[in-house]
Each structure stands twice: as C-alpha cells, then as structure tokens.
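To start, the structure itself, in structure tokens.
The values are calculated or read from the model by the stated rules, or taken from the named source; none is laboratory data. This structure is a prediction, so every number in the text was calculated from the model and none was measured. Cβ sites come from the backbone with ideal geometry, for glycine too, and all protein chains shown count toward neighbours.
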Amino acid sequence: MSEIVKEPSMLLQKEMIARNYEAITSKHETGRKVSSTFVPGNLNELLLCFDIVNNLPEINAIQNGMRKLSGNYIMDAEKSGHSEDVCTYVKADIGMMGAGNIAPNGKPFPKPDVLLLSYTGCYTFMKWFELLREEYKCPTLMLHVPYEGDGHSTKNMRDYIVKQLKEVIIPGLEQVSGIKFDIDRLREALRNSAKAEDNLVWVLESGKHKPSPIDAYFGGVYYIGPIFTAFRGTPDAIAYYDALRTEVQARIDTRQGPITPDGSNFNDQRYRLVVEGPPNWTHFREFWKMFSDEGAVVVASSYTKVGGMYDLGFRHDADNPLETLADYCLGCYTNRNLPTRVDILAKYIEEYEADGLLINSIKSCNSFSAGQLMMMNEVERRTGKPGAFIETDLVDPRYFSAANVKNRLESYFQMIEQKRLGTAKAA
Amino acid sequence: MTTTAEIVSRCEAIFEDLDFTAARAWKDAVPGRKVVGFLPLYAPLELIHAAGCLPLGLFGGGDKLEVIHGDAFYQSYICRIPRSTVELGMTKRLDFVDGMIFPFVCDVIRNLSGMWKIMFPNVWTKFFDTPQNFDPEIGGSYYVAELQEMRDGLETLTGRKVSDDDLRRSIALYNENRRLVRQLYTFRARQPWKAPTSEVYLLMRAGLMIDVAEHNALLVRYMAAAEKEDRPKRDNVRVAIYGSFCEQPPLNLIKSIEMAGCYVVEDDYILVNRFLTEDVALDIDPLEALATAYIAHSVETSCKYVPREGEKGKFHVDQIRKAGAEGVIYATPSFCDPALLDRPMICKKLTEEGIPHISFKYAENSGQMQPVREQAGTFADSIKLWS
Ligand code: SF4
Ligand code: SF4
C-alpha cells in the first residue's frame, strides 16, 4: 500500500522526529541522558531543563503499528506470558524489546537513564513502567496525578503534584542528569510552549470553517505530534506551529479542504464529524480513506486532546512554573470524568456544526473505552445528532476488520442523510 | 447460632440476596439512616460508619443476576463487574442507597463513577483516589485532605457532624474487625479443614453488607464453633489465590478449587477488611491515623504502585510463606487490567522463589467448573508429586 501523501508541515515534523530518534540512539556518543515518559501529562519542559532527551513508548508503538511491525511484537509478548486482554501498546513495546529494541532509524534504543512515570489519565501507565523497570533497572520517578472525579481539580490535588515535583521529580532528574535545576530555564521553555499552544489551538479551531481546512483526526494526529512529544517548550515547536498555521491559513483563503491520503484536496465535504477515541494505526491509511472516500471530514476530536486540552483555554504559564505543570497534568482529556467528556463532545458538535459523533472504541484501552456507549447516548440525547460506534484496536492488526468498519460507516452516513431529510421535511 | 453451618447459612442468605434486604432493614429501623455503597478495592469504612451510615459492599452481581441493561453499556472486551453493577442500579435494587463510593482500582471503575453521576444524579457519588506516593509528608498529607473531603461529603449527605470521637469509636470497631479477620485467616491457615474457604469467603462477603459490630460477633462465634467441630482432614495441598481482588469468582468456583484437592490458606478475595495490616492508631488525629495506616501498613496489590523494583511481589511471597502455602493459583477476571498486567511480574517473582503457580481467568458468571476443577486438580497432583 502506498504511503500517505505528506503536507509540508508533515515533512517538517518527520525531520524533527528523526532528529529526536537520532538524539536518543546516539546517547552513548553524546553523553546525553534519555528518559522514557508518556504522552499525557508529559513534562517535556522540565526534561529540557536537564538536557534529557525524551523517548515516548506510545509513540514507538504507533511507529511500529504504522510500519506493520506491531502485530508480531504483540504476539511475541503474549507468548512470553502477557495477557491477550491488556493494552497492545504495552505488548508492542515489550515485543519490540525482545526483538532487539530497534528504533525507527534502524539503530538500537539505548536503555533509558530514567523512567519518568507521569501517571495521568490511564491506569496502564503504572504497570507499563513497573514492567519496563524490571528490564532496565533504572531509576523510576513516579508523579501521581489524581483523577478529576468530580469534574474539576482541587487545591489539594494541585498541591500534591507540586510537592511531588519539588521533592521527587526535580531532585530525581538532577541526580540522573547531574544538572542543577534552573527555574528560569523552565520559565523560558514554558513561554515557548504557550506560543506553540496558541497556534495549535488556532489550527484545531479552524475545523469550524466550511469547508474545514483540516481533518481534526487523521490530520490532527500529525498536528499534535510536536507538542505532545519531545518538542513542547522548544523553538522547533514554535517554528513548526507557525508553519502549520500558515499552511492552514492558505487553505482557508482558497477555501480548500485538507490533503487526503492520496494527495488531493478534500473539498467535497459531505459529512462533518466529531470523533472520540484514538485511531487505529495498523491500517491508518485505509481507515482514513474510508472517511474521505465517503466525503466525511472530522472537524473535532478528543484524541487530539490526550496530551492537553489547550482549546479549553489552558496555556503553560511561565509565572507559575510548577503549578502550571500540575494544572496541565490534571487537565488532560482522559483525566477528566465522564460527564465532563460528554460536555466537551456535545460542545464540539454544537460549535463545529457537526453532523454527529463517531466513537472509535479501542479494545485495548479501558481508559478511553469504558463508558463510551453511555457517552454516545448522552451526546445524542443532548445534541439531537446521531452517533455511531465502531470497534478497532490501536496497534493489534487482528482487531481491524475493514469490512465491518466500512459497513458501519456507510450505514452511519445513511443515517445522517435520513436525519437531514427528516429535518428538512419538518422545516 | 451455635454451629458453623448455621452461621454460614445466614451469611450465604445475605450474600445471595440481590435485593439487599438486610441493608434495607437496617436503614428502615431508624428514620434518617443512610446507606453508602462502595465498590472494590478499598475504602475507609470507618468514615462512613462514623457518619452513622451503613457501608454496603457492592461486588457485582455474581452468577445469579441476569444482566440485561448492563450489557448495553459495555463492549464485549470489558470485565463483568461494571455491567452487573449498572444492572443492579437500573433494576432499582440499589434505590435505597444514598451514596456511592468508587475507590481507585482501575479505569473501568473510575469511569463508572462518572456514569453513576449521570445515571443517578440524586445519589452522592464520590470517586476516591488513594495516593500512589507513600511519603507521609507528600502522599500522606494529600490523603488526609482527601479523607477530610470525604468527611465533608458525608456530613452534607447526613446533615450531621462527624466528630473526631465518632471516628475513633468507628476505628476501634474496625480495628477489632481486622483483628478478628486476621485471626480467622490464621486459624484457616493452621487448620484449613476446619474453616473451608467457601465458608470464610461467605463470612467476609456478608461482613461487608451488615453492621461491623454484628460482623465482629459473627466472626467470634464462627471461630468458636469451628474450633469445636470435628471435620475430616484431607490430603489436600495448600494454595494461595491471587488476582481475585475485584470482580469476584462465583461461589461455585471457590468451592471447585477446594473440591479439586486444594486447601486455600491465603487469598486476595475482597481485600477491604484486610487491606490495612495493622491497627489504626487511636491516640492521634483520626484522619492522620487512617492515612498513616494506608501509607505504612497496607497490602501490596495491583491498584498500588510499588516504588522499589526489588519489593515487587515480596508481599505475596511473605504471605505465602507465612500461610504455609505450597503453590499459587493466579485467578483473574477476564479483561482485568490490574490483575493481568501484574500477573507476569508476580509470577516471575514466584518462579524466582521456587513457588509453583498456575493461572486462569474467570468471570463472575462463569458456569463451567469442570476446566477449573481439572486444572486445579492437576496442579495439586503435581505439587504432591514433586514436593
Ligand atoms: S490503556 Fe489506553 S491510554 Fe493507557 S496506555 Fe493503553 S492506549 Fe494509552
Ligand atoms: S475486574 Fe479488574 S478491570 Fe474490571 S473493574 Fe475490577 S479491577 Fe477493573
């Protein structure tokens, strides 16, 4: 199958990611320290203060999914005793370790110097790093971020996180890196973050235009790349989001849609969708085409909020450096309770004038998936717009049934048509 | 009630009653009483009790409940307990429950707390996040404030203050309860033929559905009766069960393991009343005391982070040695992230320690016991053969 045709910003990002993999795999030559950490609640600005390179295991699993390597890795992990029932990111990671731990640049991943367990929004994270810790025998720094069970954070939660940052995480990173913490360096990184965040939000909100100049799911996963990974807080990220904004602005000016997987502009947008849940990575292109072929563009998605809900107003704040890190961790999408997630999705349907909510429910991921059926019903009830439910997996190709997904999507689009007819008749 | 059979039959009746008649009767006995349900894995019952409420343990619907509505809420790859809990709610079996506590164990129960808020807006619903940092100054002080928040919530629910003395009185009762439970577990480990696990289990389950003082009295009577009764000792092997802390296996499965030639001398079924391993102090601030007990004296289980790698699974090994178990059955609910993600780590530790182990999965409504019996039987035989 051919590759996805890339927009200029995608190429820029590709180069940035390659550079980061190079920094990781060359740690023995450069002497730089490497951390492993997760996307939601990642503390990239803090790592920058210690010159620590950031390696994100979910991103490696995604890379392996897109390069069709994850299926075998997962099966290897299952053969060695990992349950078929648990998150396939974990198994793809463990299977990759067993197969020589080769990075996408073809060089072996070095052992991390620290596992920074920023524990936000997903139970699996805790066990994933307990499992890796057995293997790597390196220091593990746990930052426990309480869940917003009542739909908001509290002072106690924030104080608890700040205390952990001061007394566990920062001293731990100082020890690993041999570099003393400099709060002004952190402030500078945070200022950089906020600039990039402004542009990211602008891009994500451009989905309100008609036609939408972006696809906020299939394109969105690229748009969030730098800010959700190793680049938040860097001038690189600022440059990337400047370039991305210019690219999107040009499409708005010419009333063009986003680039489809085969490189044409997607202008014939018949359905505007809000999507909840992560995408499937093993059949990413095929999956995307099922939407674009039918004229369905995604105007907003929750997955682009797992690494921070900037569109709700949050920006990293250099004036309150540790508190802002706490607020960031607390506010990531899956750390918000279900009623809040319903509110967010219903708001997206209204504000982005979408035709409905599509849920891609991921077999692996209880953090996202447990409760999604109810969420769909609630959003339908509140917005009057139809919802639909498909089931796939992140990186396990065994759980991607193209025929099933396609059928479901087709009937969903028919349902939207009928709804439109009904509304037109009633008017 | 003087015989174990009588006590166990009372407990079984409470356990099987999905209309919660005993809890309803407790509530109706005095106007204004409130019932607060809680799910696995651990909630500080002392606080609920001190607020004058009955803490009601909700551990799913078992194999007797027909789940109709609940299945429409969950995909096939999610465990059973949330769907049967939803079923209990939607069929109005929990309509007398005034508050619900969803303790942290995994993302399924975490998300269920939000669903409950949407489905039952008139019920006080609290997600209860215990700390994963075990420094008294950090995790401990966070926990004290969380306990205070829960206390405030309970005060609003009941309209009455929960004083420190109220709390100390409740802590004392629960200390007594924990002491008796530990005593019973020690008794079973010494003479498992006198206290079969199917009976101990029912005593534990019923205990979380009735008032603690009543449970304490039942425990005392059961142990006295069990000591006196003469029951045949079989040539069974001694095993520990792990992985069964949340969704519960059907009673038949618990019995099947025993029938297959295993004496269960240690387990993590419904850990609530064994979660704290020592008395909670009575001579300091009660919230501090509860926090300290959690931080310094609680079990290792899958919902807790283990800060030091070398410690992982150590608790299990120590318990196994203490109980004199010869092998471990790691029995987990299907699709249970906590138990299944922990399994390779715990089993690796067991292998390193030379402790034989097997594992299998179940669901609360599993019907087929033959495979379990065969697996447990073969395991027992292999232990006998090689030990
Ligand atoms: S369970 Fe979900 S959120 Fe957690 S690591 Fe897996 S995919 Fe990510
Ligand atoms: S059985 Fe396991 S996965 Fe299911 S709710 Fe309980 S702890 Fe979570």
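So, in region A:18-65, of the ones that are within 15 Å of the chain's Cα centre (by Cα) and of a type in the set (A, V, I, L, M, F, W, C), which residue ends up farthest from ligand 2 (Cβ to nearest atom)? Of everything passing the filter in region A:18-65, A:Leu43 is farthest from ligand 2 (Cβ to nearest atom). For a quick check of your reading of the model, give me the residue pairs whose first member lies in region A:227-242 and is hydroxyl-bearing (Ser, Thr, Tyr), whose second is assigned to a loop (DSSP other than H, G, I, E, B), with beta-carbon atoms closer than 6 Å and at least 6 apart or on different chains. Filtered contacts from region A:227-242: A:Thr229/A:Leu56. Scanning region B:108-121 for residues that are surrounded by 24 or more Cβ atoms within 10 Å (Cβ to Cβ) and of a type outside the set (A, V, I, L, M, F, W, C), we see that the one that is farthest from ligand 2 (Cβ to nearest atom) is B:Gly114. For region B:111-146, filtered to residues that are closer than 22 Å to A:Val162 by Cβ and among the β-branched types (Val, Ile, Thr), the residue that is nearest to the other protein chains (Cβ to nearest Cβ) is B:Ile138.
Let's see how each residue does on (1) modelled with pLDDT of 95 or more; (2) among the polar types (S, T, N, Q); (3) part of a helix (DSSP H, G or I); (4) within 16 Å of ligand 1 (Cβ to nearest atom):
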site: B:Lys92; (1), (2), (3), (4): yes, no, no, no
site: B:Arg110; (1), (2), (3), (4): yes, no, yes, yes
site: B:Thr130; (1), (2), (3), (4): yes, yes, no, no
site: B:Asp166; (1), (2), (3), (4): yes, no, yes, no
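Restricted to helices (runs of 4 or more DSSP H) entirely inside region A:154-239, those with at least 1 residues that are away from every other protein chain (no Cβ under 14 Å) and modelled with pLDDT of 95 or more are A:170-177, A:183-205, A:220-223, A:225-228.
Consider A:Asp262 carefully, then state whether it is acidic (Asp, Glu) and at pLDDT 95 or above. No, not satisfied.
For region A:311-351, a residue qualifies if it is buried (at least 21 other Cβ atoms within 10 Å of the Cβ) and more than 27 Å from B:Phe104 (Cα to Cα), and the qualifying residues are A:His316, A:Pro321, A:Tyr348, A:Ile349. Being more than 30 Å from A:Val168 (Cβ to Cβ) and either more than 14 Å from chain A (Cβ to nearest Cβ) or without any contact (Cβ under 8 Å) to a residue 12 or more places away in the chain (or both) is a property that B:Glu149 lacks.
Reported count of residues in region A:364-385, each being surrounded by 17 or more Cβ atoms within 10 Å (Cβ to Cβ) and more than 16 Å from ligand 1 (Cβ to nearest atom), is 8. Among the conditions (1) within 25 Å of A:Gly384 (Cβ to Cβ); (2) surrounded by 18 or more Cβ atoms within 10 Å (Cβ to Cβ); (3) within 21 Å of the chain's Cα centre (by Cα), A:Lys208 misses just one, which is (2).
Residue-wise test of (1) at positive phi; (2) among the charged types (D, E, K, R); (3) within 13 Å of chain B (Cβ to nearest Cβ).
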{"residue": "A:Arg315", "(1), (2), (3)": "no, yes, no"}
{"residue": "A:Glu323", "(1), (2), (3)": "no, yes, no"}
{"residue": "A:Asp327", "(1), (2), (3)": "no, yes, no"}
{"residue": "A:Asn335", "(1), (2), (3)": "no, no, yes"}
{"residue": "A:Tyr348", "(1), (2), (3)": "no, no, no"}
{"residue": "A:Leu373", "(1), (2), (3)": "no, no, yes"}
{"residue": "A:Tyr399", "(1), (2), (3)": "no, no, yes"}
{"residue": "A:Arg408", "(1), (2), (3)": "no, yes, no"}
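Annotation: A:Lys137 fulfils all but one of (1) closer than 25 Å to A:Met66 by Cα; (2) over 22 Å from the mean Cα position of the chain (by Cα); the unmet one is (1).
Within region A:175-187, the residues that satisfy the criterion of being within 23 Å of A:Asp319 (Cβ to Cβ) and touching a residue at least 12 places away in the same chain (Cβ under 8 Å) are A:Phe181, A:Asp182, A:Ile183, A:Arg185, A:Leu186, A:Arg187. Whenever a residue of region A:38-49 is within 14 Å of A:Thr120 (Cβ to Cβ) and more than 14 Å from every other protein chain (Cβ to nearest Cβ), its partners that are more than 16 Å from ligand 2 (Cβ to nearest atom) and assigned to a loop (DSSP other than H, G, I, E, B), lying with C-beta atoms within less than 6 angstrom and at least six residues away or across chains, give the pairs A:Val39/A:Leu56; A:Val39/A:Gly307; A:Asn44/A:Arg232; A:Asn44/A:Gly233. Tell me, yes or no, whether region B:319-332 has at least one residue that is in contact (Cβ under 8 Å) with a residue 24 or more places away in the chain, within 12 Å of another protein chain (Cβ to nearest Cβ) and more than 22 Å from the chain's Cα centre (by Cα). So far as region B:319-332 goes, no, none of its residues is in contact (Cβ under 8 Å) with a residue 24 or more places away in the chain, within 12 Å of another protein chain (Cβ to nearest Cβ) and more than 22 Å from the chain's Cα centre (by Cα). If we scan region B:221-235, do we find a residue that is assigned to a loop (DSSP other than H, G, I, E, B), within 14 Å of chain A (Cβ to nearest Cβ) and more than 16 Å from ligand 1 (Cβ to nearest atom)? No, because not a single residue in region B:221-235 is assigned to a loop (DSSP other than H, G, I, E, B), within 14 Å of chain A (Cβ to nearest Cβ) and more than 16 Å from ligand 1 (Cβ to nearest atom). Candidates in region B:240-263 are the residues that are among the charged types (D, E, K, R) and more than 15 Å from ligand 2 (Cβ to nearest atom); of these, the one that is farthest from B:Gly60 (Cα to Cα) is B:Glu258. Of all residues in region A:90-114, which are among the aliphatic types (A, V, I, L, M), more than 16 Å from ligand 2 (Cβ to nearest atom), under 28 Å from A:Lys363 (Cα atoms) and crowded, with 22+ Cβ neighbours inside 10 Å? Answer for region A:90-114, where residues must be among the aliphatic types (A, V, I, L, M), more than 16 Å from ligand 2 (Cβ to nearest atom), under 28 Å from A:Lys363 (Cα atoms) and crowded, with 22+ Cβ neighbours inside 10 Å: A:Ala92, A:Ile94, A:Met96. Residues that are within 16 Å of ligand 2 (Cβ to nearest atom), in a helix (DSSP H, G or I) and of a type in the set (Ser, Thr, Tyr) within region A:116-141 comprise just one, A:Thr124. For the residues A:Phe368, A:Phe389, the requirement of being in contact with a Cys (Cβ under 9 Å, 6 or more places away or on another chain), hydrophobic (A, V, I, L, M, F, W, C) and either within 10 Å of chain B (Cβ to nearest Cβ) or part of a helix (DSSP H, G or I) (or both) singles out A:Phe368.
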